[in-house]
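Undergrad: Quick one: structure below, then a few questions.
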Amino acid sequence: MDIRRAPPSRAASGGVEPRFRQVGFVTAAEPARGPVAPAAASPTASDGLSPVMIPPPLIPVPAPAPASESLMPSSPPPASSYLLEVISDLDDYADDDDIDVSWARPPPPALPEPNKRDLTQTKNEHGPTSVAQKPKLSKAERRAIQESQRAAKAAAKEAGLKPTAMASDASTKISKQPKTAKTSLKKDVNQVNPPVASDKKTGERPPDKDRKKDIPQSRMQFDDAHRVVKAKKRSVVSQSEARNRVELFRHLPQYAHGTQLPDLESKFLQPDLMHPSVYKVGLQYLSGDISGGNARCIAMLLAFREAINDYSMPAEKILNRDLTAKISSYVSFLIECRPLSISMGNSIRFLKNRITKLPLALSESEAKVSLQSDIDRFINEKIIVADKVIVSHAVTKIRDDDVLLTFGSASVVEMIFDHAHELGKKFRVVVVDSRPNHEGQRLLRRLVAKGISCTYTHINAVSYIMHEVTRVFLGASSVLSNGTVYSRVGTALVAMVAHAFGVPVLVCCEAYKFHERVQLDSICFNELGDPDAISRVPRDESLSHLKNWAENENLHLLNLRYDITPSDYVSMLITDYGMLPPTSVPVIVIGSTDMDHLIIVVGFKFLPARIAVLTVHRTGHGTRAHMCTYAKSKAVYQQLMFSVFYSPSENSIFGIRRMADW
Amino acid sequence: MPDVQPLVSDFVLKLKRRKVEGSHAVARQTAELLRSVVSQHRMGSSANQAAALADAVRVVGEQLIAANPIELAVGNIVRRVLHIIKEEDISSTAVGIEGLSVTVDSDDEYDSEHDDRPALSAAVLAAHARNALRAPSLQTLLEDIPVSPAISRTASSTGDSDGKSKSAGDKSSTRKLKHDVITAIGDLIDEIDSCYEPISEQAVELIHQNEVILTLGRSRTVKEFLYAAKEKKRSFRVFVAEGAPRYQGHVLAKELVEKGVQTTVITDSAVFAMISRVNMVIVGAHAIMANGGVIAPVGMNMVALAAQRHAVPFVVVAGSHKLCPLYPHNPEVLLNELKSPSDLLDFGEFSDCMNFSTQDGSPLLNVVNPTFDYVPPKLVSLFITDT
């Protein structure tokens, strides 16, 4: 699908301009958004030390012609001029930014599109032509048009034009469409700068303010009193801050547990606040009825689907914009209920992106239908089918007489065990559990009911039990671009002990949860649970010594929800794109255009992600591809060569090995 | 002997039923029991009273050790008492020798020809006695302990020479030996009780202003150690991992807060997340083995691994009654104890699952609830003991 994008850029910018810069681990490219984000993210065409990834410009893939090395990226992305603009807007700093953004991710994965060849053709006629065609475009065509517009813009920027000039330029070309495209583009910019991301609390954003929002916004820091007050004014949920906060975690929100629920329940019947389905999901998050990355994400998407179904566009408003604002307000409500997971952030981006890209020509009902089917497809392809693929991969790693250890209760891992059991494999499961949630007990119950032999223990005993374990299967909330696994708290300990005992650790994670951010420790971003949960001791009243803990100001209880697992503890990452080693190269295939060309984004452990075009040579065993990419180190371009083991039948990469430095 | 038998069997029963747990309590009670064993011991008129006394102690000690093999403190205390008997015997002999150096010299030949032991010159004996009179250092303890069979031999041979050189059945010297041993055991008990003081004296050297300490579970030694630092006006923060499923960390947190120490309770699973901000890990131990490995409350190994990963010093504080001269073999299994599953799972909730069984009769659901962890020596940065 990337093929589609390339040609226009070339046309627009005179052939050299990188039209899109895709970052990080993106499952599938969303043509529209991908390109932009990284530009802001990389203040660096010039300086090689930036931690951010600037993939070298993607060169258009030659048509299915025989592959050759001519595919290499040619020039560094022109990010710097863009950055300047961004910085010049620094003073306007409002915190109603886009939400999901605290986990702003690379473009939401796009859904595979069938007719790529057509696209390449349509692309050639972009700009003006598109105006004429607008009324009845196929999806692919629409996208092509947007691509071309974007390309035009990028070109303009390249040339050093001011954004306004560019905008006007664009608008002369094509009625209104460019503007929407542009706003989305700017948002992306806000969201991508890596250590940053952006504010969580969002509200509606007045259209004219949009333009000034170019500064990369930092994630909401809850120890910033000023912004917290501002955010509070907008919030639907009234909540009081918990007592005895831990100093180290002042930057994260923590509210007294249980204070919000009654208040929210009483508001349930007020009609104008929220769509009821969204409201319901929010309450379920709050009460903990829905937990787990996939479950929360699906629940949210279904609620949005329903909300979109019931949506009616107010007069004199533009659907794209109004609906985006609506969704943003829903999202900020959900955040108040519980901070978003990365997977939710990613899917919100996907949805918003879809909304912004709706052609104006679509009628309201058509647009709604299209969005709903997009949501359905997202759920199906990125979550349900992805899980199935992961299961099918992971099951091959289970042999008879294995002892498999898992921690907590990850839905994918459970599916893997179920499937392996159905296949008749004889294995034993060790369920390691931790306080205060005891998720493992629920998993244990389900596994035992299916007749799988289980051993249950708590996390402290993990070194005791690890002697007999042959594989560790873990779930993840997200995988960050340095290969770090962000997951439920305790995962790092389990992985560490397994590593110390030489037991392979397999992390199962759907690719839509991948995120390009880098996090060095578990403190800078995390989620705080209810501290009272720690003071409650199960079963034995005589053991609870901390009942009135909040009365003493020297005593704090800390209930962390997540931690990060360094990539060197992880032996293998199982994703819907195959099984990958996280340490050296977390690799995700953006899309495979045909059998001969792969476009993949590679993130090295310490280097930025790159885009590279692969030429695939078929060999006896599956297909072997050589991939060349530029990695920038200390301002010197260094070419790295990889051997990529790619299986066309499964459309997945099953191994990547760095060959040698050139 | 009959007088102490009920006491011994009572204590054996307590150990077996795990009514007495924890190194400190066990060590103290063992020492007290042995003191009464010694005091009840009827000194025969035979030449080698010391050997007879040592045998009596050893018999009781073996029963106690068998009652709860993982309470290594029992064995440690029995060895210490045997050591005391030997020391007292040697010192009394040495006193005798000084008076009768000529006799001893003349005895030498006799000794060396009928005994496999190397000849004891008066000088050697005196050196040995001096050694014995010094407070037992860690080194001498560890060096001497494996020699326990030799103790009896030393005792018997010196007893022989004693007997030869003096008139047989010198009641006063026997009574003196017994009395000395009892006083020494009393000192040992005092030492066990007060082992926290010399340890916590070192707190100020290790804990500085604004440090962040992490500990797991509760150990009285750790508590005293932190108290001592607090009393020296050091302000520091403590993360306490709660130590599920016994939640001793909650108790420690409560105690620390009472002294005004800034305390944060975290779940055990959050240890890895927090350890990057910790300056030092200070933990207690159940026993310290001869190779430097530590038998510690469950969960300690993962804390030690996490500390190593982040280059955080891992400090073990333990009284000398926890120093054990044994070498661990497969300590995770052999020096461990599995507790009731009810700590982890509600029987009510899972009782039906527990009944499930596969064709071969093994249950479908196992619950593992070990008490101890073994921390290999390479993960420990520092031991702090009272000697």
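Undergrad: Within the stretch A:517-535, is there a residue that is surrounded by 24 or more Cβ atoms within 10 Å (Cβ to Cβ), among the hydrophobic types (A, V, I, L, M, F, W, C) and more than 8 Å from chain B (Cβ to nearest Cβ)?
TA: Checking the stretch A:517-535: not a single residue is surrounded by 24 or more Cβ atoms within 10 Å (Cβ to Cβ), among the hydrophobic types (A, V, I, L, M, F, W, C) and more than 8 Å from chain B (Cβ to nearest Cβ).
Undergrad: Conditions: (1) under 17 Å from the mean Cα position of the chain (by Cα); (2) of a type outside the set (Gly, Ala, Ser); (3) at the interface with another protein chain (Cβ under 9 Å from one of its Cβ atoms). A:LEU480 meets all but one. Number of the miss?
TA: Just one mismatch for A:LEU480, condition (3).
Undergrad: For the stretch A:406-459, which positions are under 16 Å from B:LEU365 (Cα atoms) and small (Gly, Ala, Ser)?
TA: A:GLY440, A:ALA449, A:GLY451, A:SER453
Undergrad: If you check A:ILE390 against the conditions, is it out of contact with any Pro (no Cβ under 8 Å at 6 or more places or on another chain), part of a loop (DSSP other than H, G, I, E, B) and either without any contact (Cβ under 8 Å) to a residue 40 or more places away in the chain or within 30 Å of A:ASN460 (Cα to Cα) (or both)?
TA: In short, no.
Undergrad: Tell me which of these A:SER363 doesn't satisfy, since it passes every other one: (1) at pLDDT 90 or above; (2) outside the structural domain of A:HIS458 (by the TED database); (3) surrounded by fewer than 17 Cβ atoms within 10 Å (Cβ to Cβ).
TA: Condition not satisfied by A:SER363: (1).
Undergrad: Would you say A:GLY424 is part of a loop (DSSP other than H, G, I, E, B), surrounded by 22 or more Cβ atoms within 10 Å (Cβ to Cβ) and not β-branched (Val, Ile, Thr)?
TA: No: the conditions fail for A:GLY424.
Undergrad: For A:VAL431, state whether it is surrounded by 23 or more Cβ atoms within 10 Å (Cβ to Cβ) and either in a helix (DSSP H, G or I) or within 12 Å of chain B (Cβ to nearest Cβ) (or both).
TA: Answer is yes for this residue.
Undergrad: Now for a different question. Does the stretch A:249-265 include one or more residues that are assigned by the TED database to the domain that holds A:ASN309, at pLDDT 65 or above, buried (at least 16 other Cβ atoms within 10 Å of the Cβ) and farther than 24 Å from A:ARG561 by Cα?
TA: Scanning the stretch A:249-265, I find no residue that is assigned by the TED database to the domain that holds A:ASN309, at pLDDT 65 or above, buried (at least 16 other Cβ atoms within 10 Å of the Cβ) and farther than 24 Å from A:ARG561 by Cα, so the answer is no.
Undergrad: Hey, can you tell me all the residues within the stretch A:547-556 that are touching a strand residue (DSSP E or B) at 6+ places or on another chain (Cβ under 7 Å) and either farther than 25 Å from A:GLU336 by Cβ or more than 9 Å from chain B (Cβ to nearest Cβ) (or both)?
TA: A:TRP549, A:ASN554, A:LEU555
Undergrad: Another one. Considering B:ALA287, B:ALA228, B:ALA296, which residue is in contact with a His (Cβ under 9 Å, 6 or more places away or on another chain) and small (Gly, Ala, Ser)?
TA: B:ALA296
Undergrad: Turning to a different aspect of this structure: In the stretch B:295-307, is there at least one residue being farther than 16 Å from B:LEU216 by Cα and in the same structural domain as B:GLU224 (by the TED database)?
TA: no
Undergrad: Quick one: which of A:PHE417, A:PHE378 is in a helix (DSSP H, G or I) and closer than 25 Å to A:MET496 by Cα?
TA: So the residue among A:PHE417, A:PHE378 that is in a helix (DSSP H, G or I) and closer than 25 Å to A:MET496 by Cα is A:PHE417.
Undergrad: Which residues, counting only those in the stretch A:437-477, are part of a strand (DSSP E or B), more than 10 Å from chain B (Cβ to nearest Cβ) and touching a Gly at 6+ places or on another chain (Cβ under 9 Å)?
TA: Correct list: A:LEU474, A:GLY475.
Undergrad: Just to be sure I understand the filter: pairs with C-beta atoms under 6 Å, separated by 6 or more residues or on different chains, first member in the stretch A:536-563 and more than 16 Å from B:TYR247 (Cα to Cα), second member of a type in the set (Lys, Arg). Which pairs pass?
TA: Close Cβ pairs satisfying both conditions: A:ALA550/A:ARG243.
Undergrad: Please enumerate the residues belonging to the stretch B:246-270 that are farther than 20 Å from A:ALA461 by Cβ, part of a helix (DSSP H, G or I) and facing another protein chain (nearest Cβ under 7 Å).
TA: Result: B:VAL251, B:ALA253, B:LYS254, B:VAL257.
Undergrad: A follow-up question, please. Looking at (1) within 29 Å of A:PRO253 (Cβ to Cβ); (2) out of contact with any strand residue (DSSP E or B) (no Cβ under 9 Å at 6 or more places or on another chain); (3) within 12 Å of chain B (Cβ to nearest Cβ), can you tell me which one A:ARG539 breaks?
TA: (1)
Undergrad: Does B:ALA273 meet the test of being more than 9 Å from chain A (Cβ to nearest Cβ) and either among the aliphatic types (A, V, I, L, M) or assigned to a strand (DSSP E or B) (or both)?
TA: It is false that B:ALA273 is more than 9 Å from chain A (Cβ to nearest Cβ) and either among the aliphatic types (A, V, I, L, M) or assigned to a strand (DSSP E or B) (or both).
The values are calculated or read from the model by the stated rules, or taken from the named source; none is laboratory data. Just so you know, these numbers come straight off a predicted model, no measurement behind them. Note that each Cβ is placed from the backbone with ideal geometry, even for glycine, and that neighbours are counted across all protein chains shown.
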